[in-house]
Amino acid sequence: DAGITQSPRHKVTETGTPVTLRCHQTENHRYMYWYRQDPGHGLRLIHYSYGVKDTDKGEVSDGYSVSRSKTEDFLLTLESATSSQTSVYFCAISDPGGTGELFFGEGSRLTVL
Amino acid sequence: ELKVEQNPLFLSMQEGKNYTIYCNYSTTSDRLYWYRQDPGKSLESLFVLLSNGAVKQEGRLMASLDTKARLSTLHITAAVHDLSATYFCAVVSFSGTYKYIFGTGTRLKVLA
């Protein structure tokens, strides 16, 4: 199994509070992604990174920011959480130079009250 | 902008029957991936399709890719209960960097 760790795995927070989710990989893959999964929407791309300090927006980036200061870590921050950001968040990594297969973390379930 | 559509969204089928899930996408891509997700779990890679005409098989599942038609199929042969899960296709969009866009998923329920 690909070495991907997400933390925290579960979090309950209140509207307006900041939240940071962490994704850590041990595979040295260049690309890292944050997705959110909601019923009826499948997986939607929030932000992704193609190298240290290189990030770009995905389909649903409003209200989220990311940072990648090291190859192995990709942080997703909700500056001021809202109830619409209640979701399951998945981190994924890939090496497009190979098969380009995406490998997923176990997911982080976030509830915003 | 790349759009990926899957159908059906929900599929209930009897054990022993055959069925096909379809994945259509809107712009050129020659990389397509299929994933399986069990309830409450993460996504598990099933198939990697990297060229036109690619066909991969694993047990009762077979996936194919037609890049000219922008279509991939996931065929289920003689379904068994253990195949009950949600299946996603994902297509790569490349515009200088790689983005993976997912279909909405097909929830498969195999009835004994």
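Bear in mind that the values in this text are calculations on the coordinates, not laboratory data. Quantities reported herein were computed from a predicted structural model and do not represent experimental measurements. Here the Cβ positions follow ideal geometry from the backbone for every residue, glycine too, while neighbour counts run over all protein chains shown.
For chain B, leaving out every one of the GluC sites (Glu not before Pro) that falls in a DSSP loop and has at most 13 other Cβ atoms within 10 Å, the longest unbroken run is B:16-112. Rounded to the nearest 20 debye, the dipole magnitude of region B:1-96 is 140 debye, with +1 charges on Lys and Arg beta carbons, -1 on Asp and Glu beta carbons, and the Cα centre as origin. Under a model in which nothing but the beta-carbon of Lys, Arg (+1) and Asp, Glu (-1) is charged, the protein assembly as shown shows a dipole of about 200 debye around its Cα centre. Here's the picture: charge each Lys and Arg Cβ at +1 and each Asp and Glu Cβ at -1 in region A:1-108, and of A:98, A:83, A:5 the one pushed furthest to the positive end of that dipole is A:83. Of all beta bridges that DSSP places with both ends in chain B, some 90 percent have antiparallel geometry. In a DSSP loop and with at most 15 other Cβ atoms within 10 Å, the GluC sites (Glu not before Pro) in region A:1-89 are A:14, A:27, A:79. Cα centroids of region A:51-113 and region B:43-61: 26 Å apart. With the charge dipole of the protein assembly as shown set up from +1 on Lys and Arg Cβ and -1 on Asp and Glu Cβ about the Cα centre, the Cα lying farthest toward the positive end among the listed residues A:61, A:110, B:63 is that of B:63. Annotated for chain B: lysine pairs at least 8 residues apart or interchain, Cα distance under 28 Å, count 15. Which shape class, rounded, prolate or oblate, goes with region B:36-110 when its Cα gyration tensor gives a ≥ b ≥ c as root eigenvalues, a/c under 1.5 marks rounded, and past that a/b bigger than b/c marks prolate? In terms of gyration-tensor shape, oblate.
The Cβ shell under 15 Å around residue B:4 holds other residues with a net charge of 0, Lys and Arg each +1, Asp and Glu each -1. Checking every one of the trypsin sites (Lys or Arg not before Pro) in region B:1-98 against DSSP loop status and a limit of 13 other Cβ atoms within 10 Å picks out B:3, B:17, B:41, B:68.
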